[in-house]
1. Filtering segment 21-37 down to residues that are more than 14 Å from the ligand (Cβ to nearest atom) and surrounded by fewer than 16 Cβ atoms within 10 Å (Cβ to Cβ), which residue is nearest to H70 (Cα to Cα)?
2. Check N76 against each of (1) more than 16 Å from the ligand (Cβ to nearest atom); (2) in contact with a strand residue (DSSP E or B) (Cβ under 7 Å, 6 or more places away or on another chain) and name the one condition it does not meet.
3. Can you tell me which residues in segment 192-207 are away from the ligand (no atom under 13 Å from the Cβ), under 26 Å from V49 (Cβ atoms) and either open to solvent by less than 10 Å² (accessible area, probe 1.4 Å) or not polar (S, T, N, Q) (or both)?
4. Hey, can you tell me all the residues within segment 208-231 that are touching a helix residue (DSSP H, G or I) at 6+ places or on another chain (Cβ under 8 Å), of a type outside the set (D, E) and away from the ligand (no atom under 16 Å from the Cβ)?
5. Can you tell which of F177, F215 is buried (at least 21 other Cβ atoms within 10 Å of the Cβ), part of a strand (DSSP E or B) and modelled with pLDDT of 95 or more?
6. Is it the case, given these coordinates, that I188 is crowded, with 17+ Cβ neighbours inside 10 Å and assigned to a helix (DSSP H, G or I)?
7. Can you give me the number of residues within segment 2-18 that are farther than 24 Å from D197 by Cβ and open to solvent by less than 30 Å² (accessible area, probe 1.4 Å)?
8. Return yes when F157 is out of contact with any Leu (no Cβ under 7 Å at 6 or more places or on another chain), under 18 Å from V118 (Cα atoms) and within 16 Å of the ligand (Cβ to nearest atom) and no when it is not.
Amino acid sequence: MAQKLALLYEGKAKKIYRTADPGLYLVEFKDDATAFDGAKKGTIRDKGVLNNLISEKFFRLLEEHGVPTHFVEKVNEREMLVRPLDIIKVEVVVRNIVAGSLAKRLGMPEGTPLSRPVLEYYYKSDELGDPMINDFHIQSLELATPDQMETIREIAFKVNNVLLDYLAERDIDLVDFKLEFGVCRDQIMLGDEISPDTCRLWDRKTGERMDKDRFRRDLGHVEEAYAEVYRRLAGD
Ligand code: UDP
């Protein structure tokens, strides 16, 4: 088993450690939660455990569908091994239904279906609060090459198709989600996590929110919602 060495980076929800193997990093999922650029802080009991389980499920599913991801294996309740990536400083959001910042920006009610998926880019910068950018900014700031962005777009829509179908079978609407990408040995790969922290997931029958909006908006039953997502993915 890869040995956990120096802490490389601590983010809001995860810690990344070096391991004895230079080709493997260890990700530890924390229970800490933040929202509104860190203005709201809290903990969600067992979130780290559930996000580790849920991300593992999604990464394995996507790998089965030919999507390259940084996921290698889950090592224990809160930790997974991943491939080290050179992170591309562009956060990619895919939307199927209007919610959150899009509802505000366009003055549309949350829950309005989009006639086709919408792709958005945000500049990954905590200091700036991840401002929205477009292809021109990305090229001008040299955040990624045009070829890399084409691959990223293709992967983002593929992820959307795979997750939409998989979640629909489990009575969950995939409203929107955020992806991060990086480069490992010249290959673009999906990084970060895919969990109720980074996706909006609505119960198909009741419309109930099963994601971080329960924390952001003080809706209560946050732990239960994350656990229910995992229960449906695990199929028991
Ligand atoms: N999201 C994320 N990290 C961010 C910003 C957004 O994971 O820093 C996810 C969020 O959970 C949602 C989607 O990206 O699933 C779209 O978020 P939106 O732009 O509506 O922003 P929000 O309303 O979350 O501020």
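The values are calculated or read from the model by the stated rules, or taken from the named source; none is laboratory data. Owing to the predicted nature of the structure, the values given are computational and were not obtained by experimental measurement. Counting neighbours? That spans all protein chains shown, and the Cβs are built from the backbone with ideal geometry, glycine included. Ligands, DNA and RNA are excluded from the accessible area calculation, which covers all protein heavy atoms including side chains. Shrake-Rupley method; radii C 1.70, N 1.55, O 1.52, S 1.80 Å.
1. G23
2. (2)
3. Selection gives D203, R204.
4. If the condition is that a residue be touching a helix residue (DSSP H, G or I) at 6+ places or on another chain (Cβ under 8 Å), of a type outside the set (D, E) and away from the ligand (no atom under 16 Å from the Cβ), then G220, H221, A227, Y230 are the ones that fit.
5. Answer to the selection: F177.
6. no
7. Residues in segment 2-18 being farther than 24 Å from D197 by Cβ and open to solvent by less than 30 Å² (accessible area, probe 1.4 Å): 1 in total.
8. So F157 passes the test.
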